[in-house]
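The values are calculated or read from the model by the stated rules, or taken from the named source; none is laboratory data. None of these values were measured; they are calculated from a predicted model. Neighbour counts run over all protein chains shown; Cβ positions are idealised from the backbone, glycine included. Surface accessibility is based on the protein's heavy atoms, side chains included, excluding ligands, DNA and RNA. Shrake-Rupley method; radii C 1.70, N 1.55, O 1.52, S 1.80 Å.
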Amino acid sequence: MDDRLKPYDEKMQKAYEFLETDLGTIRAGRANPHVLDKVKVDYYGTPTPIQQVGNITVPDPRMIQIAPWEKSLIKEIEKAIMMSDVGITPSNDGAVIRLVFPVLTEERRKELAKDIKKRGEDNKVAVRNIRRDGMDAFKKLVKAEVSEDEIKELGDQLQKLTDKYIKEVDKLIEEKTKEIMTV
């Protein structure tokens, strides 16, 4: 790959990875510890990721269990989950916190599928914007004594890179939608 294409490849890769992480936080009716990735707990005045204050396990397909390292953190963890957009009320027995995921309704599944598709489309727009920035940069190379054929070749390679990432995004959206729609 041409060195002039590398920065655009890296930006497209980052955009794809962001979407992958973002879709991982969508709950699909079964317990996925990644729904807690954005939850921060007030740990002695410092917002700390929930993974760093307790052990997170999935004892069965519809439950997440959080065992805090310190018992005194149970109330703080519960508060953090309630304040987040997880949408599940935690319950605790004094030692562990449990999050029980309800079965998704058909209507909710369709809403989530629509949301996934929208996030995917937004990501494709980001990838195309990166391509546009690359094309603009390549056109400016004409003044820097680079042949038009070379610029056309760079443009073609950038388009192939864009197509590759768009295809990856489509695949990711399809997989996540399938996961959401599976009862």
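Is it the case that residue 125 is out of contact with any helix residue (DSSP H, G or I) (no Cβ under 6 Å at 6 or more places or on another chain) and outside any helix (DSSP H, G or I)? For residue 125, the condition - out of contact with any helix residue (DSSP H, G or I) (no Cβ under 6 Å at 6 or more places or on another chain) and outside any helix (DSSP H, G or I) - is not met. For the stretch 165-183, indicate whether the set of residues that are touching a Phe, Trp or Tyr at 6+ places or on another chain (Cβ under 9 Å), open to solvent by 60 Å² or more (accessible area, probe 1.4 Å) and at pLDDT 85 or above is non-empty. So far as the stretch 165-183 goes, yes, one or more of its residues are touching a Phe, Trp or Tyr at 6+ places or on another chain (Cβ under 9 Å), open to solvent by 60 Å² or more (accessible area, probe 1.4 Å) and at pLDDT 85 or above. Of 31, 80, which residue is closer than 29 Å to residue 114 by Cα, in contact (Cβ under 8 Å) with a residue 40 or more places away in the chain and touching a helix residue (DSSP H, G or I) at 6+ places or on another chain (Cβ under 7 Å)? Going through 31, 80 in turn, the sole match is 80. When 81, 88, 64, 130 are checked against the criterion of being open to solvent by less than 40 Å² (accessible area, probe 1.4 Å) and in a loop (DSSP other than H, G, I, E, B), 88 stands alone in meeting it. Scanning the stretch 116-127 for residues that are among the aliphatic types (A, V, I, L, M) and either surrounded by fewer than 14 Cβ atoms within 10 Å (Cβ to Cβ) or without any contact (Cβ under 8 Å) to a residue 24 or more places away in the chain (or both) yields a total of 1.
For the stretch 10-21, indicate whether the set of residues that are β-branched (Val, Ile, Thr), under 30 Å from residue 66 (Cα atoms) and in a loop (DSSP other than H, G, I, E, B) is non-empty. No: the stretch 10-21 contains no residue that is β-branched (Val, Ile, Thr), under 30 Å from residue 66 (Cα atoms) and in a loop (DSSP other than H, G, I, E, B). Go through the residues of the stretch 95-115 one by one and say whether even a single one is in a strand (DSSP E or B), of a type in the set (Gly, Ala, Ser), exposed (fewer than 14 other Cβ atoms within 10 Å of the Cβ) and touching a strand residue (DSSP E or B) at 6+ places or on another chain (Cβ under 9 Å). No, the stretch 95-115 contains no residue that is in a strand (DSSP E or B), of a type in the set (Gly, Ala, Ser), exposed (fewer than 14 other Cβ atoms within 10 Å of the Cβ) and touching a strand residue (DSSP E or B) at 6+ places or on another chain (Cβ under 9 Å).
I'd like the full set of residues that are modelled with pLDDT of 85 or more and either open to solvent by 50 Å² or more (accessible area, probe 1.4 Å) or more than 22 Å from the chain's Cα centre (by Cα) (or both), limited to the stretch 38-52. Selection gives 40, 42, 43, 44, 45, 46, 47, 51, 52. Of all residues assigned to the stretch 94-109, at least one qualifies as being within 19 Å of residue 174 (Cβ to Cβ) and within 19 Å of the chain's Cα centre (by Cα). Under 6 Å between Cβ atoms, which residue pairs at least 6 apart in sequence (or on different chains) link something in the stretch 142-154 that is at pLDDT 80 or above and open to solvent by 100 Å² or more (accessible area, probe 1.4 Å) with a partner that is of a type in the set (Phe, Trp, Tyr) and outside any helix (DSSP H, G or I)? Here the result reads none, with nothing in the stretch 142-154 linked to a residue that is of a type in the set (Phe, Trp, Tyr) and outside any helix (DSSP H, G or I).
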